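The values are calculated or read from the model by the stated rules, or taken from the named source; none is laboratory data. Nothing here was measured: the structure is a model prediction, and the numbers come from that model. Positions of Cβ are generated from backbone atoms using ideal geometry, with glycine treated the same way; all protein chains shown enter the neighbour counts. With ligands, DNA and RNA removed, areas are computed over all heavy atoms of the protein, side chains included. Shrake-Rupley method; radii C 1.70, N 1.55, O 1.52, S 1.80 Å.
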Amino acid sequence: AARPSEGKTALGLSFLFQMCFVQKMPCLFISLEMTKEAILNRLAANFTGIDARTVRRAIFTDDQKVKVKAFYDLISESPFWISYAPGATVSDIERLTRTAVKRHQVVAVFLDYIQIVRYQGKLSTSHEQIKETSQRLSEIPKRYGPHLCTLAQVNRRSAEENRAPKINEIAGSDQIEKDAELVMLLHRPKNDKGYRGEESILALAKVREGEPSAARLKFDGPRVRFLDPSSIVHEEDIPSQTEMEHDQ
């Protein structure tokens with residue numbers, strides 16, 4: 001869960017990238033808001049390291065064309081499926097999951113995001129509707145087997161105070177937290193000028209079979225992705241040719 005525009009979709013796609021394209025785990029991404037083209041553009045920026053704006057414009061240098069081709073070759077051989085489903089109900093999500101498991105042995109489903117799942121029922125208030133939606137979604141892994149990673153919004157109160165969100169600030173209903181096995185809360189602190197930078201904290205606020213903890217991440221804005229800080233190589237850290245020859 002994260003505040004609006006703080007990177008919850010980017011975080012979900014970063015997890016999916018590692019699971020599906022690196023570990024080769026069959027995954028389904030159900031998007032209720034972002035188009036297939038937009039999702040593929042983000043994944044292409046993640047894989048190639050090319051600025052996402054350049055990917056959207058599709059104007060590449062020869063070197064970049066090679067990287068983009070390698071990405072689409074990877075897509076073609078990876079167990080990855082996208083469903084762009086604006087206005088989907090829980091029943092639609094259940095059907096998509098059931099089909100993906102049966103046809104493709106999908107082991108993880110990503111849903112972006114829970115508060116905009118279309119409600120069909122008799123409950124009148126938003127709180128009650130989201131509560132029922134959460135309860136019904138929590139039954140899907142039990143029935144069909146795959147892990148369900150549901151993205152969610154957090155209310156804006158913590159943003160106004162420039163602090164990490166709390167688990168009871170997930171928008172809509174506290175039922176989301178009750179139903180989840182694991183709750184992760186994303187926080188990107190603002191700097192002195194009021195802008196969010198690269199520094200990010202991912203708090204494991206609820207771990208049903210473990211202890212809460214936290215991890216530091218880096219948000220790579222140009223490529224719209226989150227990275228483990230220890231995996232980032234800065235140009236100034238790369239030894240010169242002279243240094244390498246000396247080491248030899």
In segment 106-137, the residues that are open to solvent by 30 Å² or more (accessible area, probe 1.4 Å), among the small types (G, A, S) and in a helix (DSSP H, G or I): S126
Scope segment 46-63; condition open to solvent by 40 Å² or more (accessible area, probe 1.4 Å) and either within 21 Å of V22 (Cα to Cα) or touching a strand residue (DSSP E or B) at 6+ places or on another chain (Cβ under 8 Å) (or both); matching residues: F47
Identity of the residue in segment 7-25, part of a loop (DSSP other than H, G, I, E, B) and in contact with a Ser or Thr (Cβ under 9 Å, 6 or more places away or on another chain), that ends up least open to solvent (accessible area, probe 1.4 Å): G7
Residues within segment 181-195 that are open to solvent by 20 Å² or more (accessible area, probe 1.4 Å) and either at pLDDT 90 or above or within 17 Å of C149 (Cβ to Cβ) (or both), tallied: 3
Close pairs (6 angstrom Cβ cut-off, 6 or more residues apart or separate chains): within 18 Å of L202 (Cβ to Cβ) in segment 164-181, among the basic types (K, R) anywhere: E181/R208
Flag if R103 is free of Cβ contacts under 8 Å to residues at least 24 places away in the same chain and surrounded by fewer than 19 Cβ atoms within 10 Å (Cβ to Cβ): yes
Hits in segment 1-28 (condition: among the aromatic types (F, W, Y) and farther than 16 Å from S76 by Cα): F15
Those residues of segment 138-173 which are open to solvent by 80 Å² or more (accessible area, probe 1.4 Å), modelled with pLDDT of 85 or more and either assigned to a loop (DSSP other than H, G, I, E, B) or not charged (D, E, K, R) (or both), in sequence order: H147, K166, N168
